[in-house]
Amino acid sequence: TISTGSLSLDIALGAGGLPMGRIVEIYGPESSGKTTLTLQVIASAQREGKTCAFIDAEHALDPVYAKKLGVDIDNLLCSQPDTGEQALEICDALSRSGAVDVIVVDSVAALTPKAEIEGEIGDSHMGLAARMMSQAMRKLAGNLKNSNTLLIFINQIRMKIGVMFGNPETTTGGNALKFYASVRLDIRRTGSVKNGDEVVGSETRVKVVKNKIAAPFKQAEFQICGG
């Protein structure tokens, strides 16, 4: 396993961190600390001498911030794919190569199918992204297991329309990722960390919503201080 950089979260995960050879999904509202958490995982993997790749579909990775969190930017493989298919092909190639230990995809919501990118704005592309994800998951799951590679997907939350009872929140990209992920983490910002009047970080709560390697539904609370 690889430490998440937060002791309380490692304990909540039951195995001392995130499992190798598996798929992990980290989701939450915007600016809840999803990318920060994954960058910490990368930093702790690099400290163990592991090779990491960051697939930046959102085109939003800030190298200065990543460096502050302890990421060795010069040795991080980084790719900014144009289409969702390209991003998932890169994942597949990296996992088959056996040369990479940790792959992060930021984010599932930004994995746009080629047909949608080439089409007009306003065209209907119902279910395309979900189909793309489910095909990729079937291929990836076996390859990751064989090469013992950890694949982390960052995901955003969407609201289901017309849900009267139960939770209206859902994650993007269809159901395949829910099934294939061995660990799913729900991350939320619960408050601010202040130094006098100045906000220097955020109080964060992570729920282990799904866990195939230990008991699920544990929670961890910690602070994320910006650099």
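Bear in mind these aren't lab numbers, they're just calculated from the coordinates by the rules spelled out. On a predicted model such as this, the values are computed, not experimentally measured, just so you know. In this analysis, Cβ positions are derived from the backbone assuming ideal geometry, glycine residues included, and neighbour counts consider all displayed protein chains.
Taking segment 149-189 as the region of interest, how many residues are free of Cβ contacts under 8 Å to residues at least 60 places away in the same chain and either of a type in the set (Lys, Arg) or surrounded by fewer than 13 Cβ atoms within 10 Å (Cβ to Cβ) (or both)?
Residues that pass the stated criteria total 11.
Kindly indicate whether ASP106 is of a type in the set (Asp, Glu) and touching a residue at least 24 places away in the same chain (Cβ under 8 Å).
Answer is yes for this residue.
How many residues does segment 12-39 hold that are of a type in the set (S, T, N, Q) and more than 12 Å from the chain's Cα centre (by Cα)?
2
Could you check how many residues of segment 47-94 are of a type in the set (A, V, I, L, M), without any contact (Cβ under 8 Å) to a residue 12 or more places away in the chain and under 20 Å from LEU111 (Cβ atoms)?
Counting residues in segment 47-94 that are of a type in the set (A, V, I, L, M), without any contact (Cβ under 8 Å) to a residue 12 or more places away in the chain and under 20 Å from LEU111 (Cβ atoms) gives 1.
Being among the charged types (D, E, K, R) and closer than 28 Å to GLU118 by Cα is the filter; apply it to segment 78-108 and report the residue that is surrounded by the most Cβ atoms within 10 Å (Cβ to Cβ).
Filtering segment 78-108 for residues that are among the charged types (D, E, K, R) and closer than 28 Å to GLU118 by Cα, the one surrounded by the most Cβ atoms within 10 Å (Cβ to Cβ) comes out as ASP106.
Got a number for residues in segment 113-140 being surrounded by 12 or more Cβ atoms within 10 Å (Cβ to Cβ), touching a residue at least 24 places away in the same chain (Cβ under 8 Å) and not β-branched (Val, Ile, Thr)?
So the answer is 12.
Residues SER202, SER192: which one is more than 30 Å from LYS145 (Cβ to Cβ), more than 18 Å from the chain's Cα centre (by Cα) and crowded, with 18+ Cβ neighbours inside 10 Å?
Unique residue meeting the criteria: SER202.
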